[in-house]
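I have placed the structure first, in the form of structure tokens, so that the comments after it can refer back to it.
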Amino acid sequence: MEVVSIAQHVAIPMLRQLSLTRTSLLSRRRHRWPLPGRQQPGAPAVQVGTVVNTQRRAFRSSDEYERWSRRVEASAKRGVEFAEVGGGGAAKVAPILCEVNPYAEQRLKFGRIAGAPVGTSSHAAIETTWPVSTDPVLAKDVRNLQDWAAVRLGKFYEALDALTGDSAYLHILNGGGGADDDGADDRSKGRLALVTAGHYFSRKVGRTLPDQDFVLRCYPTHVGNSSIEIRTDAFQNGHLMNFCHTIMVCLDPETHRPVKGKLPPLLDDPMDRFQTERSELAELHAQIRRCRAEDSMSLSSRNLTHPPTEEEMRGVHEMQRNNASRAHYVKVSDNTHSNKTVVFPEMRNLHGKTFGGFVVAQAFDLAYMAAEYYTRGRRFVSLGVDEATFLMPVGIGDLLNFQTRVVHADAGTGVFRVTVNVDVLDRADPAAGRPKSRTNFLRFIFASNPSEDPVQPLLPESYEEILSYVSAARRHAVEPVQPGTLLEISKFLSGFES
């Protein structure tokens, strides 16, 4: 059987089509209509994954991304005393976490900032401690297979998803509430609902030890017209280990439409000297999300999306030529896996839908399996979630299909990315494989040791795989894992740090 390269059926025809499209649009230049993905005349040639159109890019360079990362790490909520909540107060402080986690109220420790003014970030802040050093049952429940990230990130994001909801509701139920607050009555009577829109800008910045307690702190950083950003910091021995930013949207519980102007503002916090810095970062995050949406190459989006640039497609074409000459590529399709599950009632959230933390935890476990399969016995570590987008709610009893795919790898740093698509399948004909609707998209980051046994480069074949590869390559080019973190990982995986 003759094996025909994808370049003959995808890359080369696409380049010809792009060329024809450019010719057909020349007559429109007087209207100054932009050509999506077009490289400007005189611009230097770039390799696949390098950003060409920087006008819309979120981070225009890795230096800009590194400056952002330093700002986020420096503005973590440190130096604040949290008073432990006892006497059954845990269920009042964190009812969502206590509902979805059966042992939370008995085994975890909860705290709030005493004396914090109502309506401030400190007033809605929640601290939760996992005493794994003294609770072997709890330690076993969250234990990972690797010692660098000793706490399983699926468990981390599961707890994070619940706690961010608890912090957000603390703010909207208690923030403001005065005579001038038009939304106070709606909130007190349950006429408003908060749902998770996504987890973004999350990174694991240090090693988590298996025998030491760790702490999560959730607090609001910015309140918009219909959404609120909640930040989560994870500490161990006072050192920041993880951070994540979550967007929650205010909805009408009956129409499920966004409700504007009902969220109480975030008041000035005299107990928090980093409030202004975090608010500026939150506004930057909103701009970045808009830029990413504009740069989207999604085929399922209702909005106009853009194809890869000509240079990016040439890079894919060169990969195909190299593969034809027996280069050591592995196919993306050979590193694609799926798993199906049914949503049971215990996974229900307070709105009667599926708890988002369950989806993230299931997605991470499958992504971890894909990473194990891809690395073929090499040691690696998990670094967090690039993004976890919630597109629509999942009902109880829905049949879910999780598809994971290793989409990009960099042999120089050992960093590779794994995506997970979550779809609700048609119950009438689930075997047909036709997705009923896309509910979630998640992108996870892992890293191996490039000095010992570099990861194999990936070869995308289908057009969908090419789009995923290019998208991940763009992200990798301007949002790399920080050198200090990579050095720590390399030492750990080489056995110099036990």
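What follows is calculated from the coordinates using simple rules that are stated; it is not laboratory data. The model shown is predicted, which means the values in this text are computed figures rather than measured ones. Please note: Cβ atoms are built from the backbone with ideal geometry, for glycine as well, and neighbour counts cover all protein chains shown.
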Checklist entry - Non-local amide H neighbours of E387 (under 5 Å, H modeled in plane, Pro and chain starts lacking H): which ones? => result R443
Next on the checklist: Above 20 Å lies some portion of the pair distances; for the range 74-289, what is it as a whole percent of all C-alpha pairs?
Outcome noted: 57 percent
Next on the checklist: Using the alpha carbons of the range 337-396, what is the convex hull volume per residue in cubic angstrom, as a whole number?
Outcome noted: 106 Å³
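Among 196-205, 163-172, what's the highest-first ranking by average C-beta atoms within 10 angstrom per residue? All intermediate terms of the calculation are to be shown ahead of the outcome.
Values: 196-205: 22.7, 163-172: 26.1.
In decreasing order of mean packing, 196-205, 163-172 become 163-172, 196-205.
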Checklist entry - Between Rg and the Kirkwood Rh of the range 301-493, both from Cα atoms, what is the Rg to Rh ratio? => result 0.99
